[in-house]
Amino acid sequence: MNSRLLTNARIVTPTENFTGTVEIDNGTIAAVLKDKYYPEGTDLGGQWLIPGCIDIHTDYLEKELYPRASAAFPLPFALHFMDARAASCGITTVFSAVSFSDNEEKNRNLPEALSLAQQIDKARHSLLVRHFLHARIDPNSEGILDYLEPMSQLESLYLVVYNDHIPGQRQFTMQQQIEMRSKAFGISPEEAERRLMVQIEKTSKINNREPIYRAFKDKYILGSHDDTISEHVDEGQMFGSTLSEMPTTLEAARRAKELGQWVCLGAPNYYRGGSHCGNLSCAEAMEEGLVDILCSDYHFPTMLASVLRMIENGISPSRAVNMVTLNPARLLNFDKETGSIEAGKRADIVVFNGDRSYAAVSNVFVDGVSKLQADYTHGVKPLSAERKTVFDLSDTSL
C-alpha cells in the first residue's frame, strides 16, 4: 500500500487540535505533523480530521430490515445499505445491537435473534467498515440459557448487556407500557394492564444473570441497559458490568460513576436536547461529568452532529471527539490499535466539514484504505434539459 499525506487538516488528538498533516503508511498512521503543510499531499482545505467513530450501540439495522412493520428485507440487502450509511456518517466501527429476548410487542424471539447474529457474523468481512455484535440479553427470559453456547461461537460478539424487560421497571413507566401495549395490539387499557401484570408475575421469578455471567465473564465486555435506580447498577456490578448503558435517571448515572463504570448515553438525546421517551437528559448528565461515551442508539448522523454541538457549547474538540472515539475504544480494549490520531495506530480516519449544524463527511479511511469520498464544495449543476418555463397567464389556451 502506498503512503498517503492528508494535509491542511484541522487535526484532533486526545489532548489538542491544530492544523497539520497526517501521514498514512501501510494502513497505519506513520506521523502526525503539527503546523506542517505538504503541497504534494491531499489538501483537505482546513476540514476536521478525527479518528473514525466507534458506535458501541446501534439499532439502525432494524430500520433497514423492517422499514415498515409488515415489510421485511433480507439481511445481506439491509446490511449493505446500513454499512454504507455508517460510513457516510463517519462511523468506522459499528456494534449492531441484537435483542436476545422474547418480546411479543416488538416481534422479537430468541431463534430469530441467533439467526440474525449468525448472518451478520458471516457477512461482516465484505463490508466497508468494521462490524461487531452487541448482544442485549434479557435475563428474565426462560429460554435464554439454551442460547449461551451458540452465542459464544459468534466471532464478532464482543459486548453483552443485561437488558431487563420486566414491565414498568426501567425505560418506560407502567402507564407508558399500558398505552404502548394497548395501541400495539388494539386492546383496551384494562386488558393491556391485565396482560402486563401476568408478564410481571412470570418474569419477576426469573433472573438468569448469574449463569450468563459465568458463561461470558472471561470472553466479553459486560454491561447493564436502562439502569433506573442505584440497585440496578449495583446488580449489574455484581454480575460483571463495567458499562451502564442508557441510564434513565441521574441517580443511576451517579451510582455508575461512583462504582467506576463507563456511562454511555445516546447521541440523539444530546443533539435533540433530551430523551425521546422523557428519561435522563444527556446534556444534564454531562453537566455533572457523568457521561463518557455517546452512541448512535437509533440515528447514525447524530454522532458527529453531537460532536459539533458540543464544541459549539464550549466543550473542547478533544473531549467531544474522545466521547465517540477514544473512550469507546478504551471500554472495548481497542485503544492500543485505534480510537485516536496517534502514530502507530490503525489509520481509521474521518474527514468532515463542520460549517453546517451537522457534519458533511468527505473522506473515510479504514486501515488506510479509502472507503468513501464525497465533494460538498461544489453545487450540482442543472441538467441541460432543465429549464424555467414562463407562462402567460392571460393565454386562455394554456
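Every listed requirement among (1) touching a Gly at 6+ places or on another chain (Cβ under 7 Å); (2) part of a loop (DSSP other than H, G, I, E, B) is met by PHE300 save one, (1).
Inclusion of THR92 among residues that are under 17 Å from HIS225 (Cα atoms) and β-branched (Val, Ile, Thr) is not warranted. The single condition among (1) without any contact (Cβ under 8 Å) to a residue 40 or more places away in the chain; (2) of a type in the set (D, E, K, R); (3) assigned to a loop (DSSP other than H, G, I, E, B) that ARG319 does not satisfy is (3). Residues of the stretch 240-282 that are free of Cβ contacts under 8 Å to residues at least 60 places away in the same chain, among the polar types (S, T, N, Q) and under 23 Å from CYS53 (Cα atoms): SER244, GLN261, ASN269, SER275, SER281. Entry remark, the stretch 47-73: residues being open to solvent by less than 80 Å² (accessible area, probe 1.4 Å), modelled with pLDDT under 95 and not in a strand (DSSP E or B) number 8 in total. Looking across the stretch 193-205, just one residue is at pLDDT 70 or above, of a type in the set (A, V, I, L, M) and surrounded by 13 or more Cβ atoms within 10 Å (Cβ to Cβ), and that is MET197. Listed conditions (1) part of a helix (DSSP H, G or I); (2) among the acidic types (Asp, Glu); (3) surrounded by 23 or more Cβ atoms within 10 Å (Cβ to Cβ) are all met by ASP227, apart from (1). Put simply, of ASP83, ASP121 the only residue that is outside any loop (DSSP other than H, G, I, E, B), within 23 Å of ASP297 (Cα to Cα) and open to solvent by 10 Å² or more (accessible area, probe 1.4 Å) is ASP121.
Given CYS264, CYS277, which one is in contact with a helix residue (DSSP H, G or I) (Cβ under 9 Å, 6 or more places away or on another chain) and at pLDDT 95 or above?
Values: CYS277 fails: at pLDDT 95 or above.
Result of the check over CYS264, CYS277: CYS264.
Here is the figure for the stretch 19-46: residues that are within 27 Å of the chain's Cα centre (by Cα) and either buried (at least 16 other Cβ atoms within 10 Å of the Cβ) or among the aromatic types (Phe, Trp, Tyr) (or both) total 5. Looking only at the stretch 1-18, count every residue that is outside any strand (DSSP E or B) and either at pLDDT 95 or above or buried (at least 19 other Cβ atoms within 10 Å of the Cβ) (or both) and tell me the total. Total satisfying the criteria: 4.
For ARG255, are the conditions met, namely being open to solvent by 70 Å² or more (accessible area, probe 1.4 Å) and in a helix (DSSP H, G or I)?
Values: open to solvent by 70 Å² or more (accessible area, probe 1.4 Å): no; in a helix (DSSP H, G or I): yes.
No: the conditions fail for ARG255.
Looking only at the stretch 258-297, filter to residues that are part of a loop (DSSP other than H, G, I, E, B) and of a type in the set (Asp, Glu); which one of those is least open to solvent (accessible area, probe 1.4 Å)? Checked the stretch 258-297; the qualifying residue least open to solvent (accessible area, probe 1.4 Å) is ASP292. Kindly establish whether ALA135 is in a helix (DSSP H, G or I) and open to solvent by less than 50 Å² (accessible area, probe 1.4 Å). Here the answer is no, as ALA135 does not meet what is asked. For SER244, are the conditions met, namely being open to solvent by less than 40 Å² (accessible area, probe 1.4 Å), assigned to a loop (DSSP other than H, G, I, E, B) and farther than 24 Å from ALA87 by Cα? Against the criterion (open to solvent by less than 40 Å² (accessible area, probe 1.4 Å), assigned to a loop (DSSP other than H, G, I, E, B) and farther than 24 Å from ALA87 by Cα), SER244 does not qualify. Against the condition under 24 Å from ALA267 (Cα atoms), out of contact with any Pro (no Cβ under 9 Å at 6 or more places or on another chain) and at pLDDT 95 or above, how does LEU294 come out, does it pass? In short, no.
Out of GLY278, GLY289, I need the residue that is more than 16 Å from the chain's Cα centre (by Cα) and farther than 23 Å from THR242 by Cβ. Which one?
Within the list GLY278, GLY289, the selection yields GLY278.
When PHE95, PHE81, PHE77, PHE73 are checked against the criterion of being aromatic (Phe, Trp, Tyr) and touching a strand residue (DSSP E or B) at 6+ places or on another chain (Cβ under 7 Å), PHE95 stands alone in meeting it. Somewhere in the stretch 309-328, is a residue of a type outside the set (S, T, N, Q), farther than 22 Å from MET286 by Cβ and surrounded by 22 or more Cβ atoms within 10 Å (Cβ to Cβ)? No; the residues of the stretch 309-328 include none that is of a type outside the set (S, T, N, Q), farther than 22 Å from MET286 by Cβ and surrounded by 22 or more Cβ atoms within 10 Å (Cβ to Cβ).
Looking at the structure I just gave you, is PHE77 in a loop (DSSP other than H, G, I, E, B) and over 14 Å from LEU294 (Cβ atoms)? So PHE77 does not fit the description; no. Of the residues making up the stretch 50-77, those that are free of Cβ contacts under 8 Å to residues at least 60 places away in the same chain and not aliphatic (A, V, I, L, M) are GLU62, GLU64, TYR66, PRO67, ARG68, SER70, PHE73, PRO74, PRO76, PHE77.
The values are calculated or read from the model by the stated rules, or taken from the named source; none is laboratory data. None of these values were measured; they are calculated from a predicted model. A quick note on method: Cβ atoms are made from the backbone with ideal geometry, for glycine too, and the neighbour counts reach across all protein chains shown. Each accessible area value is taken on the protein alone, full model and side chains, heavy atoms only, with ligands, DNA and RNA left out. Shrake-Rupley method; radii C 1.70, N 1.55, O 1.52, S 1.80 Å.
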